Amino acid sequence: MGSVGVATSHHLYPPFPEDITTAPLVSISLSKLEAGDESESKAFFEAAQNLGFFYMKLEGSALGERIINGAEALHEIQQDFFKRPNEEKEVYSREKIDAFMGYRRAELKENDEQGRQKRNETYNMRKDDFVGNVDPLPCHELVTSNWDTLKDYVYDCRAAIDLMISLLEKHLQLPAGTLAQLHRINERSGDHVRFNQAAIQDWSEERAKQGEHTDFGTLTILMNWLGGLQIRLPETKEWVYVKPIPGSAVVNLGDALVKFTAGILRSNIHRVVPAPSPQNAQVRNSLVYFSRPEDAVVLRRLKGGLIDKQPVDEKEEQEPRMTASEWTLRRSVGDLKGVYTHKDGLELRENMMVSGKA
């Protein structure tokens, strides 16, 4: 299919500095994956194994350009939402509507220019509401008035994710549908769209350390306009920024794919910190689509293909069996605070913040 045309708003923000080390993410073309390009598919699988993060070039694909245009529209909507009075947003707080979905804020020690306490804020909106799997949760009027835009974004992100899942099945030498049947869009899951806003704030090593995490689910699609995302390089343990690229999403793998594949695929540790100068003088927004296995799916090693060739890990076998919904709840607001690493499983850590990747 032909391009639909895109125009991003990255040029409205201060430039990302050119003199700092950035993460060595490879760029994978969505249009080439859609066309069945074997070399691009191989590069995608290698990125999923080696770093677990990559850029997905969306330009040149009708689907990809719908994602870009949808993200730009939602970026304006989220900025409007976060400008609303706190008491208006808090009507939809997690404490009032759901254990995980809804509005959440973290109060900072700093005050803004008006003397008000700064906040880092998120707003989670579940996929199941938009595709009709459940009765929708109460939501802000900006969500209801832009329902079709959000619904289209959910379907477009899931189309890209479903393509990646099918390619992972192929490279893992699994029967077609092995992973896909665990991620059916019309079944309930923890998939959600997240609005993110980080206040202008000073660097805090303690806050950066607390924010280290891996994503809980399957695949994450991040659209960002400013720096702030950092990943930890597997070999050197160095923290490096991920540079935003107009026309590209940042995609990363989550815990579920590590568990399903006995560690063949990587869920890499990352965190969100203040952007590098001069971008750190801006409030930072980002837009995330998190995909997760269906709620009832048990997160455990699958059988077949390359997975059967992996050694059996006694530590892995001793881990408690949890469904995707249990894993998400315990990892996000429960008692499994830590990071899930490629080889070592869940590293429990005290005083960990809830995952707020963006």
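The values are calculated or read from the model by the stated rules, or taken from the named source; none is laboratory data. None of these values were measured; they are calculated from a predicted model. So basically every Cβ, Gly included, is an ideal-geometry build from the backbone, and we count neighbours across all protein chains shown. Note: areas computed on protein heavy atoms with side chains; ligands, DNA, RNA excluded. Shrake-Rupley method; radii C 1.70, N 1.55, O 1.52, S 1.80 Å.
Explain nothing, just the number: relative contact order of the chain, from Cα pairs under 8 Å at least 6 residues apart, as a whole percent. Kindly include the intermediate steps, with their values, before the conclusion.
Values: 702 pairs, mean separation 76.1, N = 358.
Relative contact order of the chain: 21 percent.
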Ranked highest first by average number of other Cβ atoms within 10 Å, how do 214-226, 266-278, 141-153 line up? 214-226, 266-278, 141-153
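Taking Cα pairs under 8 Å and at least six residues apart, what relative contact order does the range 273-326 come out at, in percent?
On the way: 24 pairs, mean separation 25.2, N = 54.
RCO, the range 273-326: 47 percent.
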CD proxy, 222 nm, the chain: helix-only mean residue ellipticity via -39,500 (n - 2.57) per DSSP H run with n ≥ 4, per residue, nearest 500, stands at -8500 deg cm²/dmol
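Once you sort the root eigenvalues of the Cα gyration tensor of the range 21-85 as a ≥ b ≥ c, which label holds: rounded (a/c under 1.5), prolate (a/b larger than b/c) or oblate (the other case)?
Judged from the Cα gyration tensor, the range 21-85 comes out oblate (a/c at least 1.5, b/c at or above a/b).
By Kyte-Doolittle mean hydropathy of at least -1.0 and Cα axial length of at least 24 Å, which whole DSSP H helices of the chain are selected?
Working: long enough: 62-83 (32 Å, -0.22); 147-171 (36 Å, -0.06).
Result, helices passing both filters: 62-83, 147-171.
How big is the charge dipole of the chain about its Cα centre, in debye rounded to the nearest 20, if each Lys and Arg gets +1 on its Cβ and each Asp and Glu gets -1 on its Cβ? Let's see the in-between values first.
Working: 45 positive and 54 negative charges, 85 e Å.
It works out to roughly 400 debye.
Of all accessible surface on the chain at a 1.4 Å probe, what whole percent is carbon and sulfur?
Details: 7500 of 15480 Å².
Percent of accessible area from carbon and sulfur atoms in the chain: 48.
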Sort the range 164-299 into rounded, prolate or oblate with this rule: let a ≥ b ≥ c be the square roots of the eigenvalues of the Cα gyration tensor; rounded if a/c is under 1.5, and if a/c is not under 1.5, prolate when a/b is larger than b/c, oblate otherwise. prolate
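Rounded, prolate or oblate: which one fits the chain, using the alpha carbon gyration tensor with axes a ≥ b ≥ c (rounded when a/c is under 1.5, else prolate when a/b beats b/c, else oblate)? All intermediate terms of the calculation are to be shown ahead of the outcome.
Numbers: a/c = 1.32, a/b = 1.26, b/c = 1.05.
Taking the square roots of the gyration eigenvalues as a ≥ b ≥ c, the chain is rounded.
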Mean shadow area (nm²) of the C-alpha convex hull around the range 182-232 is 5.1
Can you send over the solvent-accessible area of K96, 1.4 Å probe, protein chains only, in Å² to the nearest 10? 140
Please sort 177-185, 45-53 by packing, taking for each peptide the average over its residues of neighbouring beta carbons within 10 angstrom, highest first. 45-53, 177-185
Compactness ratio of the range 155-195: Cα Rg over 2.2 N^0.38 Å, N = residue count? 1.23
Scoring the range 232-302 by relative contact order with C-alpha pairs under 8 Å, at least six apart, yields a percentage of 32
Most to least packed among 89-95, 291-297 [average Cβ atoms within 10 Å]: 291-297, 89-95
Enumerate the residues in the range 79-113 having an amide nitrogen under 15 Å from the point lying 7 Å beyond the Cα of E206 toward its Cβ. 107-110
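On average, how much accessible surface per residue is there in the chain, in Å², for a 1.4 Å probe, leaving out ligands, DNA and RNA?
It amounts to 43 Å² per residue over the chain.
Return the percentage of antiparallel bridges among DSSP beta bridges fully within the chain, rounded to the nearest 5 %. Please report the intermediate quantities before stating the final value.
On the way: 47 of 52 bridges.
Given both bridge residues lie in the chain, the antiparallel proportion sits at roughly 90 percent.
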One finds the C-alpha centres of the range 139-194 and the range 255-320 to be spaced, in Å, by 16
